1. Just to check I understand the Karplus step: with θ = phi - 60° and J = 6.51 cos²θ - 1.76 cosθ + 1.60, what whole-Hz values come out for the range 381-393, glycine and proline as x?
2. Round to the nearest 0.05 the FRET efficiency obtained for residue 139 and residue 211 when R0 = 51 Å and r is the Cβ-Cβ distance.
3. Rounded to whole Hz and in sequence order, give me ³J(HN,Hα) for the range 67-77 from the Karplus expression 6.51 cos²θ - 1.76 cosθ + 1.60, θ = phi - 60°, writing x for Gly and Pro.
4. With the crude spin-label approximation of a point 7 Å out along Cα→Cβ, what separation in nm comes out for residue 218 versus residue 354?
5. Rounded to whole Å, give me the distance from the Cα center of the range 158-233 to that of the range 359-416.
6. What accessible area per residue comes out for the range 82-241, rounded to a whole number of Å², with a 1.4 Å probe?
7. With runs of 4+ DSSP H residues as the only contributors, calculate the mean residue ellipticity of the chain at 222 nm using -39,500 (n - 2.57) per run, divided by the residue total and rounded to the nearest 500.
8. Label residue 390 and residue 443 with points 7 Å out from Cα along Cα→Cβ: what is the distance between them in nm?
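The values are calculated or read from the model by the stated rules, or taken from the named source; none is laboratory data. All of these numbers come straight from a predicted model, not from anything done at the bench. Cβ placement follows ideal geometry from the backbone for every residue including glycine, while neighbour counts extend to all protein chains displayed. Heavy atoms of the whole protein, side chains included, go into the accessibility calculation; ligands, DNA and RNA do not. Shrake-Rupley method; radii C 1.70, N 1.55, O 1.52, S 1.80 Å.
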Amino acid sequence: MLKDQYPYYLANKAVQANTDLDVTDKYNGGVATRVALADETTLDQAIAAAEAATPAMAALKPYQRREVLEHCVSRFRDRFDELAESLCIEAGKPINDAEGEVTRLIETFRVAAAETEHDIGAVIPLANAARAAAYQGMYKRVPIGPCAFISPFNFPLNLAAHKVAPAIAAGCPFVLKPASRTPVGALIIGETLAETDLPEGAFSILPMTRDAADALVEDHRLKLLSFTGSDTVGWALKARAGKKKVVMELGGNAACIVDETWDDLEDAVQRMLIGAFYQSGQSCIGVQRILIHSSVYESFRDRFVEATKSLKVGDPKDRDTFIGPMISEGEAKRLHDWIQEAQAAGGTLLCGGDRDGAMLQATLMENVGGDQKLVTEEAFGPAAVLSSFEDFDEALASVNNSRFGLQAGIFTRDLYRMQQAWDTLEVGGVIIGDVPSWRTDQMPYGGVKDSGLGREGLRFAIEDMSEIRLLAIRTP
């Protein structure tokens, strides 16, 4: 069970300033725990502490950064069940998905620890002309300085980890604002970091309201803002961020193509079930638009509908549950309204479509117009739209017909189509033989268009949190 209350972390120290933030059990709606809520004054203190800690963090040797990260790996393993249960309660995440996220949390810190030992510089040949004949050069990466992190509710542990672990590996102090609906996982990360010898002020983890968090975006002492969340909020934050570097992962409405060369439809169905409905569809790269070649469309559709109907909806603590609650009744109602709008405009409901509070059934539709929100916007819930295509070029164009571009999945055995998809699709990543929801934590992950700027993935995030410092030497 969760503790009765949790402190925030200010300059490495636990502070139980209040219990103003109620964190609910997303399945039964009851208050599960209470968390300390920070205000503007606390945030200012955290930023000042991070700025003061900048030299000491930058001075940490690679082995010292590695030891901090390895301590986290060990402690997260010790607290595996506690972490999974916290996700199950505060996020409503089915327990199997919750355990999967804890596994990825551990992996993210483990890979970050290994990255501390990689080369972070190079020798540069400068003598490319007579005037530079006497010069040689090299560069190294140095920490960018204090960082501001804002993480979302859907992966409270691992998406916080994708900011925190690279910051430690790079030698950057940071202030993290976790999502108010799901702050506990980040606070457990803070509790673990507080056990280490990080310099005073190296980290603060502060649940707070959006209004209280303005300085995370606007304060010039912070040199990087990393935000994961909605595109509407993300682009507005970028406009206010001033001179600091901005990295944003803003979601999408991911598409997946199944062509006629993919002869194992059952395999595609099973992968699509996970892609569309794991953790109740609340994933930035969840499968939302499914394009099936006309020659296999009916066969795929019928299998997929039957498999979807078999998914158990209910208590996320039950190991047989596949679909748990959405993060709130308001979010479930929003998506339910989109489904009803699509039906009213001529869309065909294949299965699901009913809602009970925050519980929304796994829903599949076809014949949905391209102007419907269920196609054009980010559903971020257990709903997907099926359509058929005749020509592979047509399917690729349909995938690109979106303001988002995070990842796409292609089920094909045609090598040339794989290359064509990679060359043509306007997305950050193309996944062949699997759903766009597939991801490992070291790969470059992020999107284009309204899906964001920059890349996650440990090495790539570390590079974002670093600056290049050149040394050029003239030989007399």
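1. Residue by residue, the range 381-393 yields x, x, 8, 9, 10, 9, 8, 10, 9, 9, 10, 4, 4 Hz.
2. Numbers: r = 41 Å, r/R0 = 0.81.
Taking R0 as 51 Å, the efficiency between residue 139 and residue 211 is 0.80.
3. Computed from phi, the couplings for the range 67-77 are 5, 4, 5, 5, 4, 4, 4, 4, 6, 5, 5 Hz.
4. About 4.9 nm separates the two model spin labels.
5. 33 Å
6. Values: 5350 Å² over 160 residues.
Each residue of the range 82-241 exposes 33 Å² on average to a 1.4 Å probe.
7. Working: 15 runs with 182 residues, N = 476.
Result for the chain, helices only: -12000 deg cm²/dmol.
8. Taking the simple label geometry, residue 390 and residue 443 are separated by 3.3 nm.
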